[in-house]
Amino acid sequence: MIGRTTGRPVSITGLGSYAPERVLSNDDLARIVDTSDEWIIERTGIRERRIAAESEAMSDLALPAARQALARAGLTGRDIDLVIVATVTADMAFPATAALLSDQLGSTEAAAYDLSAGCTGFMYALAQGQAMVSSGLAERALVVGGDVLSRILDWTDRSTLVLFGDGAGAVVLEPVEEGGFLGFELGADGAGGRDLTLPGSGSRAVEPGQHEFLTMNGREVFKFATRVLVSSAEAVLEACGKTVADVDVYVPHQANVRIIDHAVRKLGFPDEKVVVNVDRYGNTSSGSIPLALADADLDGRLRAGRLVLMTGMGAGLTWGSALMEWTLDTNGASQ
Ligand SMILES: CC(C)(COP(=O)(O)OP(=O)(O)OC[C@H]1O[C@@H](n2cnc3c(N)ncnc32)[C@H](O)[C@@H]1OP(=O)(O)O)[C@@H](O)C(=O)NCCC(=O)NCCS
């Protein structure tokens, strides 16, 4: 699916993020499985990640991020009429985490549902929220992306354990006079779905002994990721009549520094335009892009008028890009 946005312009008018307090370093992991700080840094660029407390579920990560985003937009939960939570680790299969969140925020007039598109979930949710607000079906949407992947990891499997972390981010989408989202490109390749799965988590029966742990064919996912980060970015830029040179801030999914480096080289971005925080959070799935946006906001890179390109990819296999003209004034220190 690809297209330029039509209808009334819509933009991000509030932004917030939350990462659990507990920091788990590579050395901490080396005490749990047979790995090392050197291996993890060399193969992934990750130095540490955040891990949710026992008592924390997805809605607990979403709530502070959402409150921050609403405050930034100058709104309260009551002003919101659509809540989408992109996650693969909802509090439970139902009720939707979005419904629980709406209740906590006092969004009594809001439609609320969860969206599952793996690590690409936030990009899919942005596209839906944008389209609903642009068409007038919704007035103000809250889009949350986040995951508590530590709950679905096999803590004895070094090949997956070292890659992931917990975190969430949230944005408010509202109509604006000009700027905002220019276009989206979203896709899925179900044939590759087997390369990144959570068996036993739904209605498909599993063999006895198979548990509800994330399973991954790392090499295949690596190849897929390096391909789609480039092709999706190129596609959305072309659809919107823009080039890489026009982009001011590039926010790729934070899975692995090597994957990001590959995309950056192929697309031709200078390093200063690329947002990277995978070293501090690992791969937080649907939390990855909003957490990276929040960091870029804090370091002063996101300013009104700047062209921002985001591309996610993940389980499905899925991918998705958004191109937008940033409209929110900077929150950053370095103004
Ligand atoms: C997982 C990933 C980092 C592995 O890196 P790699 O360079 O391909 O490493 P390989 O899988 O070839 O493994 C190399 C060796 O390291 C070992 N290894 C795997 N994990 C290890 C770890 N945490 N510590 C030490 N050694 C490890 C392997 O067992 C293998 O050993 P062997 O050669 O004796 O069999 C890489 O494939 C990757 O990033 N894939 C994409 C994952 C991803 O982004 N998923 C989410 C998408 S949303």
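The values are calculated or read from the model by the stated rules, or taken from the named source; none is laboratory data. Fair warning: this is a prediction, and the values are worked out from it, not measured in the lab. Virtual Cβ from ideal backbone geometry, glycine too; neighbours counted across all protein chains shown. Just so you know, the surface numbers come from the protein's heavy atoms only, side chains and all, with ligands and any DNA or RNA stripped out. Shrake-Rupley method; radii C 1.70, N 1.55, O 1.52, S 1.80 Å.
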**Q.** Unique match (being more than 19 Å from the chain's Cα centre (by Cα), basic (Lys, Arg) and either within 22 Å of Gly146 (Cα to Cα) or modelled with pLDDT of 95 or more (or both)) among Arg306, Arg258
**A.** Arg306
Q. Does region 208-222 contain at least one residue that is outside any loop (DSSP other than H, G, I, E, B), under 17 Å from Gly320 (Cα atoms) and free of Cβ contacts under 8 Å to residues at least 60 places away in the same chain?
A. yes
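If you check Val23 against the conditions, is it over 16 Å from Ala170 (Cβ atoms), at pLDDT 95 or above and surrounded by fewer than 19 Cβ atoms within 10 Å (Cβ to Cβ)? It would help to see each step written out before you state the result.
On the way: over 16 Å from Ala170 (Cβ atoms): yes; at pLDDT 95 or above: yes; surrounded by fewer than 19 Cβ atoms within 10 Å (Cβ to Cβ): yes.
Yes, satisfied.
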Q.
Given the options Gly167, Gly187, name the one that is open to solvent by less than 30 Å² (accessible area, probe 1.4 Å), in a strand (DSSP E or B) and under 21 Å from Leu100 (Cα atoms).
A. Gly167
Q. Looking only at helices (runs of 4 or more DSSP H) that fall completely inside region 252-335, which ones have 1 or more residues that are buried (at least 19 other Cβ atoms within 10 Å of the Cβ) and acidic (Asp, Glu)?
A. 288-298
**Q.** Evaluation of Val88 against (1) under 30 Å from Val133 (Cβ atoms); (2) touching a residue at least 12 places away in the same chain (Cβ under 8 Å); (3) surrounded by fewer than 20 Cβ atoms within 10 Å (Cβ to Cβ) (one fails), failing number
**A.** (3)
Q: Would you tally the residues in region 20-36 being without any contact (Cβ under 8 Å) to a residue 40 or more places away in the chain and in a helix (DSSP H, G or I)?
A: 3
**Q.** Residue in region 37-55 that is farthest from the ligand (Cβ to nearest atom), counting only those that are open to solvent by 30 Å² or more (accessible area, probe 1.4 Å) and not in a helix (DSSP H, G or I)
**A.** Ser55
Q) Only one of these conditions is not met by Gly200: (1) under 21 Å from the mean Cα position of the chain (by Cα); (2) open to solvent by less than 60 Å² (accessible area, probe 1.4 Å). Which number is it? A) (1)
Q. Regarding Ser59, is this residue open to solvent by 30 Å² or more (accessible area, probe 1.4 Å), away from the ligand (no atom under 16 Å from the Cβ) and within 22 Å of Val148 (Cβ to Cβ)?
A. no
Q. Within 15 Å of the ligand (Cβ to nearest atom), crowded, with 18+ Cβ neighbours inside 10 Å and not in a strand (DSSP E or B): does that describe Thr160?
A. yes
